[in-house]
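All remarks here apply to the structure that follows.
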Amino acid sequence: MCNLYSLGLKFGEVDYPLKHPFGSCKFLGSCNGLICLTPMAFKLMLWNPCTGKYKEFQDSYVQSVGSCYIRYGFGYDVVNDDYKVVKIFSFAIDEVKYENVVKIYSLRAKSLRELVLEYCDLMPVSLSSGVVNCNCLRKLSLLYVTLDEHMLQTLLKSCPLIVSFILNCCLGLEKIELLNLQKIKSVSIRKLKNQRVKIEASTLEHLSYSGFSEGLDVVECQNLKYLELSDVYISDGFLQHLISRSQFLESLMLDGVSCWSKRFNTFKSQSLKILKIVNFRTYFGIKEIDAPNLVSIECKGSDIPELKFARVSSQLKHSKIVAICRNNVNAEWFGKLRKFLSNFTTWSQVSLDFSSTYNLINMNDSQLQLRVATPQVDVLNVDIRSSWELPTFVDALLLTCRPKRLNLHSSIKVNKCFISRLISMKNSRHSTSHGMSCHPRRLNLLSSIKMNKCFISRLMSMKNSRHSSSHEREPWHSQLIEIKAFDMKNQPLKLTSEELAISNLTEKKKVYFLLDWQCS
């Protein structure tokens, strides 16, 4: 092995442009005689040491909460005949996963395409028309910036080709006006209280808005395709009025939206294809949705939406609800869930997270005896964080929907209870249906051993009671023909008897069931 110093090489100081008197220069790479350097913080430079020519870039920064690893790459793009610098931000999500953000700088680029201003005060700066020149800017982001209305308008007027504008919690503004932006496609605004917003943009396709709807005036948006409202308190009729102007609206996301008025309205849209409701509030402002061309619907929150769909879309391919139950689980809660699920005959996925207490459920409660068809569910995920064993919970759950697959995550005690009830339901398949429709075909159970055994016990009981007389059986146990159980490695579990099924369970066992139901 040769020592570097034994080669007799001569070392000397190299003079390079933009040399900082108090800082060092970092070498990032070289290609075809060009050298990529970072002579100071947030500066990149491509330098030709033979000619002495160089080009500098304003380096970018991405804010992160946790750790961030930064890597650079420098090379030649043969296709576009261009030298490029690649900067990769890697944010640690957990011990093994990272989220990457990539920035690319081009030597041939003669103008600025994207400008991000974050946590800065523009008030001491004098901005006037003609001084700021961003003729080629495509994207402008103002994040926690202090500026006034005149500065905002000066920036916007200097960007005639802007297609994307983001404004997030900026101080010093009383009104935010987006007018006469001929190329604008996407706008995202998170405003502060008492700020007024006016948007007039016929080319706008994507609008994301957060804050009070009071003071929001969307004058023109006939080409709007995507609308997202987050943490918005809307006035009576606001949403319908906004959407009525957007005849091409395809996607609507409502996150934490609530209404000042308790008078409910019907929301109508012929063009809407994707609907997502997150953090559903009790005072939502909409009681009925008429969207006959829906392709996808998702709901997530701690409350069950009291929504009715006027027409069922024949194009619906994806339907999902995630309900986090933080209050007492009772007949009223299951009744609300079943009523909402009955809007559609089939759901793609239903996920229920029970972190609250459980009360004994009266299966004869009128809130469970709804005159509506019980919907089918492709996948039902149930997460129970306590050690319940009461079988009425299983009965109420399986009366609410009919899953093809059920994933149960709970304790051993809860798992056993589920299994017991499922077997009981299977054995009652020759009982009358009492108006019940098809039951679930697959049940994924990810729960405690206790809850798994409860499920097995109930399923075996339902199956074994199929020969019982009508006065002995329970109507919600009917129609279960066959049960098959598997672990998460798809290995079958024997269910020849309830005792064998329960004895096969170990701590933290994850199982799922395939259920064959007889349709009424």
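The values are calculated or read from the model by the stated rules, or taken from the named source; none is laboratory data. Remember, it's a predicted structure, so these values are computed and weren't measured experimentally. Please note: Cβ atoms are built from the backbone with ideal geometry, for glycine as well, and neighbour counts cover all protein chains shown.
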Residue check for P49: assigned to a loop (DSSP other than H, G, I, E, B) and modelled with pLDDT of 85 or more: yes
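How many residues does the stretch 213-235 hold that are in a loop (DSSP other than H, G, I, E, B) and over 20 Å from A291 (Cα atoms)? Before the answer, list the steps.
Narrowing the stretch 213-235 to residues in a loop (DSSP other than H, G, I, E, B): 213-215, 221-225, 231-232, 235.
Of the ones still in play, those that are also over 20 Å from A291 (Cα atoms) are 213-215, 231-232, 235.
Going through the stretch 213-235 one residue at a time, the tally reaches 6.
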Complete set of residues in the stretch 255-276 that are modelled with pLDDT of 90 or more and either assigned by TED's automatic domain parsing to the domain that holds F340 or of a type in the set (A, V, I, L, M) (or both): L272, I274, L275
Strands (runs of 3 or more DSSP E) fully within the stretch 100-181 counting 3 or more residues that are at pLDDT below 90 and out of contact with any Phe, Trp or Tyr (no Cβ under 7 Å at 6 or more places or on another chain): 114-118
Selection from the stretch 280-300 of residues that are at pLDDT 85 or above and either at positive phi or assigned to a loop (DSSP other than H, G, I, E, B) (or both): A291, P292, N293, L294, V295
Residue within the stretch 78-88 that is modelled with pLDDT under 80 and either outside the structural domain of K26 (by TED's automatic domain parsing) or outside any loop (DSSP other than H, G, I, E, B) (or both) present: yes
